[in-house]
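Trainee: For reference, the structure I am asking about is given below.
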Amino acid sequence: KRVFTLRLQDDVFDKIEYLAEEEHRSMTNFIEYVLLQYLNKYQEENGEILGYCGYLKIIDEADILNVAVKEGHRGKHIGSDMIQKLLEEGNRQGIFRFTLEVRQSNLTAIHIYEKAGFRSAGIRKNFYEKPTENGIIMWKQ
């Protein structure tokens, strides 16, 4: 398992685009994030992208926008490893406050975020689509 900082390489974008589509995310939104001080980590094994995550830096805070692990590779600590690397990189950049939203039903992700030090701070009603669902706002400070 290796974790990398994303470089704008076509083959990586193709692999991440496929994973983003699996996770019902728009590649256009993903590219916009990359161009807006977006730091992305992805995990690769034998040339296959297994997951990615990233944040948007806002002065001294970061909004974690995407965390995705490919189906069939979940439960292998890939997500928690990537989150940890992302937080470490943020700390090196002077970021010590992180926020994210997570589906209310995604108990596995909530557990991973809590283990990483995130705490629930509120609810965003109907934040997610397909299906419509509330998002839990979490912060790590």
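Trainee: For Ile59 and Asn126 in one chain, what is 0.36 nm times their gap in residues minus the Cα-Cα distance, to one decimal in nm?
Mentor: Values: separation 67, 0.36 × 67 = 24.12 nm, distance 2.77 nm.
Contour length minus the Cα-Cα distance gives 21.3 nm.
Trainee: Another one. If you wrap a convex hull around the Cα atoms of segment 43-141, how much volume per residue is inside, in Å³?
Mentor: Convex hull of Cα atoms, per residue: 106 Å³.
Trainee: Sticking with this structure for a sec: Just subtract the alpha-carbon distance of Phe96 and Lys76 from 0.36 nm times their residue separation and send over the number in nm, one decimal.
Mentor: On the way: separation 20, 0.36 × 20 = 7.20 nm, distance 2.66 nm.
Result for the pair: 4.5 nm of gain on full extension.
Trainee: Could you put Tyr55, Tyr128 in order of accessible surface area, largest first, with the 1.4 Å probe and the full protein assembly present?
Mentor: Working: Tyr55 0, Tyr128 50 Å².
Putting Tyr55, Tyr128 in descending order of accessible area: Tyr128, Tyr55.
Trainee: Could you look at segment 62-141 and say what percent of its accessible area is carbon and sulfur, using a 1.4 Å probe and all protein chains? Let's see the in-between values first.
Mentor: Working: 2220 of 4580 Å².
Its accessible area is 48 percent carbon and sulfur atoms.
Trainee: Enter the Cα centre distance for the pair segment 38-106 and segment 110-141, rounded to the nearest angstrom.
Mentor: Each part's Cα centre sits 14 Å from the other's.
The values are calculated or read from the model by the stated rules, or taken from the named source; none is laboratory data. Since this is a predicted model, take the numbers as computed values, not measurements. These accessible areas exclude ligands, DNA and RNA; they are computed on the full protein's heavy atoms, side chains included. Shrake-Rupley method; radii C 1.70, N 1.55, O 1.52, S 1.80 Å.
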